[in-house]
Amino acid sequence: MILEIRSLTFSFGDAPLLNDLSLTVDRGEIVCLLGPNGSGKSTLLDCTLGFHRSFSGSVTLCGKNVLSCSRAELARQAAYVPQSHTPAFPYTVREVVLMGRTAQGGLFGAPGKADYEHCDAALERVGLASFAERPYTSLSGGELKLVLLARALAQQTPLIVLDEPTSSLDFKNELMFLDTLADLAKNDGLAVLMATHALNHPFYFESKGLPVRAVMLRKGQSARCGTPGALLTAQTLLEVYGVRAAILDVADEAGTPAKTIAVLGSEQRM
């Protein structure tokens with residue numbers, strides 16, 4: 001098991017945010033964290049990565065309690081793609097992706113030939129090989145996200161943790177991003193834990209034949225977990241988001257079945 005969370009509870013002051021949450025992520029699995037703003041998605045990721053340490057329960061990464069791991073140990077087990085990132089220095093794109101290799105070679109170790117090869121392979125995989133020498137500060141928001149994904153891939157960890165990774169991407173790059181994650185899970189056995197506001201993302205991964213689970217969070221309440229088809233129902237979306245929606249059965253040009261959500265309207269604030 002790559003990630004195992006047991007009875008995780010976290011509060012801000014006296015206000016409970018995460019309540020007795022348990023979930024696992026194994027090799028080749030994708031787990032999508034869903035829920036309204038303020039429901040605890042980013043907080044759960046921060047607990048998983050050891051950024052928040054004042055929780056009860058346990059978080060185990062590759063068999064080790066995250067609270068007993070050093071930052072270097074955690075960086076060799078989990079790579080992180082943040083929700084937002086503001087570049088401060090005009091590093092080249094290759095230099096930024098190369099920073100992901102410090103988890104394998106140490107902060108002060110000089111990168112070798114293999115490090116550059118992993119870096120260039122990661123850029124190729126996200127479609128940015130031609131961007132290698134461009135200044136990082138010159139990129140669009142969507143391009144920045146793809147570079148951060150490449151940096152995470154260069155880190156070569158068994159788990160990748162992503163917080164709203166497609167929020168700045170256009171439609172084409174969003175699909176390429178999701179297809180890259182699907183390919184990594186299916187062919188490389190990567191475990192993926194991903195917070196997203198896009199409720200169709202779990203359905204998209206499910207249509208690719210991947211083992212995917214959705215986790216619906218709501219502030220201070222117990223999480224709901226299940227396959228996308230079982231969890232994402234019209235009733236659940238009404239209860240959690242106050243939105244009237246229909247779950248539609250669709251198919252691609254090859255006839256592969258899939259599901260999608262059609263929003264019909266919103267209810268009064270609940």
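Tell me, which strands (runs of 3 or more DSSP E) wholly within region 189-270 include 1 or more residues that are in contact with a Leu (Cβ under 7 Å, 6 or more places away or on another chain), in contact (Cβ under 8 Å) with a residue 60 or more places away in the chain and open to solvent by 70 Å² or more (accessible area, probe 1.4 Å)?
Numbers: elements: 191-195, 212-216, 224-226, 243-251, 257-266.
So the answer is 224-226.
This table checks each residue for (1) assigned to a helix (DSSP H, G or I); (2) at pLDDT 95 or above.
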{"site": "Asp115", "(1), (2)": "yes, no"}
{"site": "His118", "(1), (2)": "yes, no"}
{"site": "Gly127", "(1), (2)": "no, no"}
{"site": "Thr137", "(1), (2)": "yes, no"}
{"site": "Val147", "(1), (2)": "yes, no"}
{"site": "Thr157", "(1), (2)": "no, yes"}
{"site": "Thr166", "(1), (2)": "no, no"}
{"site": "Lys172", "(1), (2)": "yes, no"}
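Every residue, every condition in (1) more than 20 Å from the chain's Cα centre (by Cα); (2) modelled with pLDDT under 95, yes or no:
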residue	(1), (2)
Met1	no, yes
Leu17	no, yes
Leu33	no, no
His52	no, yes
Arg71	no, yes
Leu74	no, yes
Val93	yes, no
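State which residue pairs qualify: first residue farther than 25 Å from Pro158 by Cβ and inside region 86-115, second residue open to solvent by less than 80 Å² (accessible area, probe 1.4 Å) and modelled with pLDDT under 90 in any location, beta carbons under 6 Å apart, and separation of 6 or more residues or different chains.
Listed pairs, sorted by first residue: none to list.
Of the numbered conditions (1) in a helix (DSSP H, G or I); (2) open to solvent by less than 60 Å² (accessible area, probe 1.4 Å); (3) of a type outside the set (S, T, N, Q), Glu95 satisfies every one except a single condition; which is it?
(2)
Write out, first by first residue and then by second, each pair whose Cβ atoms fall under 8 Å of each other, whose residues are 6+ apart or on separate chains, and whose first residue, in region 39-52, is in contact (Cβ under 8 Å) with a residue 40 or more places away in the chain while the second is open to solvent by 10 Å² or more (accessible area, probe 1.4 Å) and part of a helix (DSSP H, G or I).
These pairs meet every condition: Leu49/Leu74; His52/Thr43; His52/Asp46.
Does Ala103 satisfy being closer than 30 Å to Ser138 by Cα, small (Gly, Ala, Ser) and open to solvent by 30 Å² or more (accessible area, probe 1.4 Å)? Walk me through it before giving the result.
Details: closer than 30 Å to Ser138 by Cα: yes; small (Gly, Ala, Ser): yes; open to solvent by 30 Å² or more (accessible area, probe 1.4 Å): no.
No: the conditions fail for Ala103.
Taking the residues in region 151-181 that are small (Gly, Ala, Ser) and in contact with a Leu (Cβ under 9 Å, 6 or more places away or on another chain) as candidates, determine which candidate is farthest from Ala132 (Cα to Cα).
First, pick out the residues of region 151-181 that are small (Gly, Ala, Ser): 152, 154, 167-168.
Those still in the list that are in contact with a Leu (Cβ under 9 Å, 6 or more places away or on another chain) too: 152, 154, 168.
Values: Ala152: 16, Ala154: 14, Ser168: 20 Å.
Filtering first and then ranking leaves Ser168.
Report whether or not Pro158 is surrounded by fewer than 21 Cβ atoms within 10 Å (Cβ to Cβ), in contact (Cβ under 8 Å) with a residue 60 or more places away in the chain and closer than 14 Å to Glu29 by Cβ. Lay out the reasoning, then the answer.
Values: surrounded by fewer than 21 Cβ atoms within 10 Å (Cβ to Cβ): yes; in contact (Cβ under 8 Å) with a residue 60 or more places away in the chain: yes; closer than 14 Å to Glu29 by Cβ: yes.
Answer is yes for this residue.
Residue by residue, here is whether (1) among the β-branched types (Val, Ile, Thr); (2) open to solvent by less than 60 Å² (accessible area, probe 1.4 Å); (3) out of contact with any Gly (no Cβ under 6 Å at 6 or more places or on another chain); (4) closer than 23 Å to Arg27 by Cα holds:
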{"residue": "Ala72", "(1), (2), (3), (4)": "no, yes, yes, yes"}
{"residue": "Arg76", "(1), (2), (3), (4)": "no, no, yes, yes"}
{"residue": "Pro87", "(1), (2), (3), (4)": "no, yes, yes, no"}
{"residue": "Asp115", "(1), (2), (3), (4)": "no, yes, yes, no"}
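If you check Glu29, Glu73, which single one turns out to be free of Cβ contacts under 8 Å to residues at least 12 places away in the same chain and not hydrophobic (A, V, I, L, M, F, W, C)?
Working: Glu29 fails: free of Cβ contacts under 8 Å to residues at least 12 places away in the same chain.
Of Glu29, Glu73, the one residue that is free of Cβ contacts under 8 Å to residues at least 12 places away in the same chain and not hydrophobic (A, V, I, L, M, F, W, C) is Glu73.
The values are calculated or read from the model by the stated rules, or taken from the named source; none is laboratory data. Computed from a predicted model, the values in this text were never measured in an experiment. All Cβ positions, glycine included, derive from the backbone under ideal geometry; neighbour counts span all protein chains shown. Each accessible area value is taken on the protein alone, full model and side chains, heavy atoms only, with ligands, DNA and RNA left out. Shrake-Rupley method; radii C 1.70, N 1.55, O 1.52, S 1.80 Å.
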